[in-house]
Protein chains: 2
Amino acid sequence: MAADRLSVTFSALADPTRRAILARLSTGEVSVGELAEPFHISLPAVTKHLNVLERAGLIARGRNAQWRPCRLQAAPLKAAANWIGEYRRHWEQRFDRLDSFLHALQAKEKKHARKAK
Amino acid sequence: MAADRLSVTFSALADPTRRAILARLSTGEVSVGELAEPFHISLPAVTKHLNVLERAGLIARGRNAQWRPCRLQAAPLKAAANWIGEYRRHWEQRFDRLDSFLHALQAKEKKHARKAK
């Protein structure tokens, strides 16, 4: 179910360590050991996060038993971006309104400043 | 913490009913009762979802005691879109590679077809 894939993706992204892992992988393939280092968390903890990311299809792991490099899989991010993108006009409208309001405020202040002179 | 806000946003989006509620609100303000109707879930269940969305700053509720309309607040979606947008080149690259591959495959097939004639 498409809706469910999105839930799995968003749920996987709802953790700062998992987002940091994806950011690290965006520069290229990395082994699990290398991934664990900068996060100061145990290997089992990293493995847990990697399992969540793998189930969400956000990473793939090499099948080499010695060195199982992780790599980013961006396709689920595209679907998530498409979903959020549907709301773009809402946040743009909001900033447009804020912009108009600030312009009106500035114009008003200039008028008052002229009067005060 | 910026990272934490993102986790709260993604976590709120990780549910199909909550995403459907946001989609409904994207057309304008709606009362809680009206929101509950199309989802065939109880009012308390809808209220629970609305609380999650409100804590995430994705909706705001009117203070009118009789009719507390909900409305969409898109600012957290902008931050989420920005985060995901950083990965755009990854999914575009991937589709570029797939595209090149399909073109190469088509060229090869045409060549074979010509030879077969």
Exercise for the section: Whenever you get a sec, compute what percent of the accessible area on chain B sits on carbon and sulfur atoms (1.4 Å probe). Expected result: 53 percent
Handout entry: Eligible lysines near A:Lys110 by straight Cα distance, threshold 17 Å, same-chain separation 8 or greater
Key = none
Problem - Debye-sum result for chain B in log10 I(q)/I(0), which assumes one identical scatterer on each alpha carbon, at q = 0.16, 0.17 Å⁻¹ - result: -0.79, -0.85
Exercise for the section: Can you spot the lysines whose alpha carbon is less than 24 Å from B:Lys115's alpha carbon? Ignore those fewer than 8 places along the same chain. Expected result: none
Problem - Formal net charge of residues neighbouring B:Ser26 (Cβ-Cβ distance under 12 Å; K, R +1; D, E -1) - result: +3
Exercise for the section: State, to one decimal in nm², a quarter of the convex hull surface area for the C-alpha atoms of the protein assembly as shown, i.e. the direction-averaged projected area. Expected result: 23.4 nm²
Handout entry: All lysines inside 23 Å of A:Lys78 as judged from Cα atoms, apart from same-chain residues fewer than 8 positions distant
Key = B:Lys78
Problem - Listed residues A:Ile21, A:Ile84, A:Ile59, most fluctuating in chain A (Gaussian network, C-alpha, under 10 Å) - result: A:Ile84
Exercise for the section: Between copies, how far apart are the A:Ala20 label points? List them in nm, one decimal, shortest first, with each point 7 Å from Cα toward Cβ, please? Expected result: 3.7
Exercise for the section: May I ask you to derive the FRET efficiency for B:His40 and B:Arg63 from their Cβ-Cβ distance with R0 = 30 Å, giving the value to the nearest 0.05? Expected result: 0.60
Practice task
Kindly report, to the nearest 10 Å², the accessible surface of B:Lys108 as traced by a 1.4 Å probe over protein heavy atoms only.
Solution key: 130 Å²
Handout entry: Extension gain from B:Asn51 to B:Ala20, taking 0.36 nm per residue of separation minus the Cα-Cα distance
Key = 9.7 nm
Exercise for the section: State in Å² the accessible area per residue of chain A; use a 1.4 Å probe, count heavy atoms of protein chains only, and round to the nearest integer. Expected result: 62 Å²
Practice task
About the Cα centre of the protein assembly as shown, how large is the charge dipole given +1 on each Lys and Arg Cβ and -1 on each Asp and Glu Cβ? Please answer in debye to the nearest 20.
Solution key: 820 debye
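The values are calculated or read from the model by the stated rules, or taken from the named source; none is laboratory data. These figures come from a predicted structure and were not determined experimentally. As a convention, Cβ positions derive from the backbone with ideal geometry for all residues, glycine included, and neighbour counts pool all protein chains shown. Surface areas here come from the heavy atoms of the whole protein model, side chains and all, with no ligands, DNA or RNA. Shrake-Rupley method; radii C 1.70, N 1.55, O 1.52, S 1.80 Å.
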